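Notes for the one structure printed next.
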Amino acid sequence: MSAVEVARAHREPPSRRTRIAFSTFAALLLLALGWSVLRLAWLSDDAYITFRTVENVVHGHGACWNVGERVQTYTHPLWFLLLVLLRAATGELPLPSIVLGMVLSAVTVALLLRLAGAATAAVATLALLLGSRAWPAFATSGLESSLVFVLATLLVVIVLRAAPERRLRGIALVTGLLLCTRTDLLLLALPPLVVAARTVPWRRAVATLALGLVPAFAWYGFALVYYGSPFPITAYAKAFAHGVPAGELAQQGLRYVGRTVTDDPVSAAAIALGIGLGFARRGTRALAFAALCYVGYAVKVGGDYMLGRFLLPAQTVAIALVAQSPFVRRPLGAVAVAVAALALWFVPGVPPALRPPSAPRLAERIADDGIMDEQDWLYRENGLLSPHRIDWQPGGIAAMLRATGYQGRAVVVAGVIGVIGYGVGEHVHVVDPWLCDPLLMRLPVADRDHWRIGHFFRRFPAGFLESLATGDNRIRHPGLARYHDVIRSVVRDPVFAAERWRNLFALWTGRANADLAAFVAERYYDPPREVVPLAAFAAPLPPSGFWFDTPAARSAQCGGLAVRLPAPSDAAALVVSATGDTRYTLTFRRSGVTLATTTFGYVGEPLLGMQPQRIDVPAAARPFDELWIDATPSPEFPAAACIGRIELVP
C-alpha cells in the first residue's frame, strides 16, 4: 500500500466491523477499570483527619480538629461539606466515603466518554485510565481526588462544548468550585478563564466572574472569620512556614516527577501526550497550558509523599484532551495509545489491581526520597477487600477512658494522626508536629538538613506541652509566649469577642511576627537545657498516672532537663516515672563533669500513663549532684517524653 493510500485509509471513517470491535474492546476496558477501582478501594490516613472534623461537626463541637480550637486541618472545603452531608445521611463515614469516591469517578468516566464520542477514542481513554496506577487508586481513598476528577473534566467539557455565550459563565462557576475544593486548583482554571473572558466586554466579564466565584468568596470569607485565616493550617505546614529553600524543594519535585515516570509510566505518558495533543490544536492550548502549569507547580512545591497524587489534576485534564483529540478517533491512533498504555502498565511489575487483596505490600521500606505508594502501604488495614481490614470506630479510645471512670481531657502526641485522631474521639487533644497544630505549623522545620516532603517535623518549644496540659501559658521564651497567647485567642476565644479581633488584627498585619521570629532566632534550633530542682519531681503521681494530669511533669524533648540535687547523692538506683513511648538518655554528673551515661524507655503506650522505671546507678557515677535527661524527638514516632517523678533509692 502506498503512502497516499495509507493516508486516505487513515482519514476514512472506520467500517462497521471496526466500530463493533472497538466498542467491544471499550466495554471490556470499562469493566476492567471498574474492577480496578473496586479492587484498589481504600482509605488514606489523611482522610481520617477530615473524618475527625466531620465527627466533631455532627456532635455539635463545630468544624474543628481538637474540640475547643477552631483550626482548619482539611484542605478541601467542598469535599468536607459533602462528607458532612454524607455522615448526616448515613450515620457513618468510612464505607460511604469510598462509595462516594466510586460514584464521582464513574461520573468522570461518563464525562470523558462523552468527550471521546467515538468508540476508538473511548478505547484510548479507558486504556490510559486503566493503565495509570494513580488514577484507580485515588478514585476512592477518602480524599478529594474523585471530586477533582469530576470538576477538572467538567472544565474541559465546558471549554470545548459549551456555547460561546455560556462558556465564561460555566468556566467561572467551575473555577469557584475548584477553589473550594483546593486553592491550588486555580492553576487549572485560570488560563481557560482568561481566554474566555477576553471574548466578552470587560464589564460583563467582571460581573460573570464575580457571580461564578460566589462559592469561593463565601467560603474564604467564612474561613477568615471562623478560623482566622482563609488558608488551612496545612498550608502553613507545607507551604508558608517550613523554611526549606526553594531550590531544594524544586529538586524534590523533580524527583517526584522522576518517580512517576519509573513507577507509574502510564500516568506520566498520559500527561505528556495530553499536553502535546492539546498544544497541537488552537482551541485546546489554554487547557494544555493549564495542565503544564500545574505540573510546574507540583515541581516547585516539592511534589508530595504520596506517589502520583499531586499530578492527578494535570493528568485528568491531559486524559480529557486525549479523549477529544482527532488523533485517537482514528483506529491506528487509538490502537497505538491503547497498546502502549497496556504494555507500560506492566513495566514496573504486576499491576496492583491484578494482585490478590491479601498479597503483601510491594515495598517494605519508604524510599530515601520520602515518596511512597501509600495505597499499597495502607491497603492491608484500610483496603475495602482486604481480609485484614480494620473497622476503625470514631471515639473508641475516649469511650474506653470514660469507661474506667476517667473524667479529664487527655493530651496525646502523635505523628500519623489520621486514624489515631479519628479513633481517640473528641475528649482527647491530639498534638501533631507535622500538620495540625496552630502554633507549631507556624514554625520552620526542626532539622533544615533532614526533612521529608509532606512531613516537615517541628520541635516542641519548652513549655508547649505543659501549656496544653494545664491550660496555662507555660512557654519559657517570653516572645513565643506572647505569640502563643495571640494564636490561642484566635482559635479559642468566641468568634466575635473583641479581644480575639484585636489579636486577629495583630496576626493579619504581622505585628505579632517579631515575637515568633525572635524565638526562632534565639531558641528554636539550639534550645537551652531547662534546670529543675529534684524537689519538683517529689510529688506522687495522680491516680490516672497520666503526664497531662501531673502538674510537675516536664518534657525532656526540647533541650533536655538538668535535674539539680540539693547535695551529692550516693543512691544505688533511681526510679523515674516517665511516658514510656520514647527512649531517654540519662547522664550522671558531679560538679559539672560527666560521670556516666545510660538509657531507658520504650515500655508503654501514651495512654497507659507514666511508667516507673528503675535505673541502677553505675558505680563510677556515685556520688552525683545532677542528672541530665534527654529525649531525642523522632519524626516518625513523636512522643511527649515527659518526666513526672524521680525517686532516689539508697
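The values are calculated or read from the model by the stated rules, or taken from the named source; none is laboratory data. Note that this is a predicted model, so its numbers are computed, not measured. Glycine gets a Cβ as well: all are built from the backbone with ideal geometry, and neighbour counts include every protein chain shown. SASA here: full protein model, heavy atoms, side chains in, ligands and nucleic acids out. Shrake-Rupley method; radii C 1.70, N 1.55, O 1.52, S 1.80 Å.
Other residues whose C-beta falls under 15 angstrom from the C-beta of residue 488 contribute a net charge of -1, scoring Lys and Arg +1 and Asp and Glu -1. Report the paramagnetic label zone for residue 61: residues of region 422-448 whose backbone N is under 16 Å from a point 7 Å from Cα along the Cα-to-Cβ axis. Answer for this model: 422-432, 436-438.
In units of the compact-protein estimate 2.2 N^0.38 Å, the chain shows a Cα radius of gyration of 1.10.
Residues whose amide H comes within less than 5 Å of that of residue 452, counting only those at least five positions distant or on another chain, are 457 (H built at 1.01 Å from N in the peptide plane). Secondary-structure-derived ellipticity at 222 nm for the chain, considering helices only, amounts to -15500 deg cm²/dmol, per-run term -39500 (n - 2.57) for DSSP H runs with n ≥ 4.
For residue 521 and residue 564, the FRET efficiency from 1/(1 + (r/R0)^6), where r spans their Cβ atoms and R0 equals 22 Å, is about 0.20.
To the nearest 10, the accessible area of residue 484 is 10 Å² with a 1.4 Å probe. Within the assembled protein chains, the solvent-accessible surface assigned to residue 368 is about 140 Å², based on a 1.4 Å probe. Residue by residue, region 444-460 carries 3J(HN,Hα) couplings of x, 4, 5, 10, 5, 9, 9, 8, 10, 4, x, 9, 7, 6, 10, 7, 6 Hz when phi is fed to the Karplus relation 6.51 cos²θ - 1.76 cosθ + 1.60 (θ = phi - 60°); x denotes Gly or Pro. Dipole size of the chain about its Cα centre, with +1 on Lys/Arg Cβ and -1 on Asp/Glu Cβ: approximately 2680 debye, rounded to the nearest 20.
Annotation for region 158-185 versus region 579-633: alpha-carbon center distance of 61 Å. Between amide H atoms placed 1.01 Å from N, distances below 5 Å from residue 590 occur with 595, 625, all of them 5 or more places distant or on a separate chain. Within the set of other residues whose C-beta is less than 13 Å from the C-beta of residue 254, count the net charge using Lys and Arg as +1 and Asp and Glu as -1. It works out to a net charge of +1. At full extension, residue 388 and residue 343 could sit 13.1 nm farther apart than now, given 0.36 nm per residue minus the alpha carbon distance. Subtracting the Cα-Cα distance of residue 381 and residue 571 from their residue separation scaled by 0.36 nm leaves 63.6 nm. Restricting region 160-231 to trypsin sites (Lys or Arg not before Pro) that sit in a DSSP loop and have at most 14 other Cβ atoms within 10 Å of their own Cβ leaves 198.
Taking the square roots of 5 times each eigenvalue of the Cα gyration tensor of region 408-477, largest first, gives ellipsoid semi-axes of 21, 18, 7 Å.
Among 305, 351, 596, which residue has its Cα positioned farthest towards the positive end of the charge dipole of the chain, with +1 placed on the Cβ of Lys and Arg, -1 on the Cβ of Asp and Glu, and the dipole taken about the Cα centre? Towards the positive end, the residue furthest out is 351. Neighbours of residue 227, meaning other residues whose beta-carbon lies under 15 angstrom from its beta-carbon, give a summed charge of +2 when Lys and Arg score +1 and Asp and Glu score -1.
Listed values for region 396-402 are Karplus-derived 3J(HN,Hα) couplings in whole Hz (6.51 cos²θ - 1.76 cosθ + 1.60, θ = phi - 60°), namely x, 6, 4, 5, 5, 5, 5, and x replaces Gly and Pro.
Specify whether the C-alpha gyration tensor of region 229-379 places it in the rounded, prolate or oblate class, a ≥ b ≥ c being the square roots of the eigenvalues: rounded for a/c under 1.5, otherwise prolate if a/b is larger than b/c and oblate if not. Here region 229-379 falls in the oblate category. Taking 0.36 nm per residue of separation and subtracting the current Cα-Cα distance, fully stretching the chain between residue 336 and residue 206 would add 42.4 nm.
Sparse packing (at most 10 other Cβ atoms within 10 Å of the Cβ) combined with a DSSP loop state is found for the following GluC sites (Glu not before Pro) in region 279-384: 364. When a/c is below 1.5 the answer is rounded, else prolate if a/b is larger than b/c, else oblate, so apply that to region 136-192 with a ≥ b ≥ c taken from the square roots of the Cα gyration tensor eigenvalues. Here region 136-192 falls in the prolate category. Among the protein heavy atoms of the chain, carbon and sulfur supply 63% of the accessible surface, probe 1.4 Å, non-protein parts ignored.
Among the GluC sites (Glu not before Pro) found in region 562-650, those both in a DSSP coil and sparsely packed, with 14 or fewer other Cβ atoms within 10 Å of their Cβ, are 636. Averaging the sequence gap over all C-alpha pairs within less than 8 Å and six or more residues apart, then dividing by the number of residues, gives the chain a relative contact order of 14 percent. May I ask you to derive the FRET efficiency for residue 594 and residue 632 from their Cβ-Cβ distance with R0 = 25 Å, giving the value to the nearest 0.05? E(calc), rounded to 0.05, equals 0.90. When only alpha carbons are used to place a centre, region 189-228 and region 513-560 end up 48 Å from one another. Bridge orientation summary for the chain: considering DSSP beta bridges with both residues in this region, about 80 percent are antiparallel.
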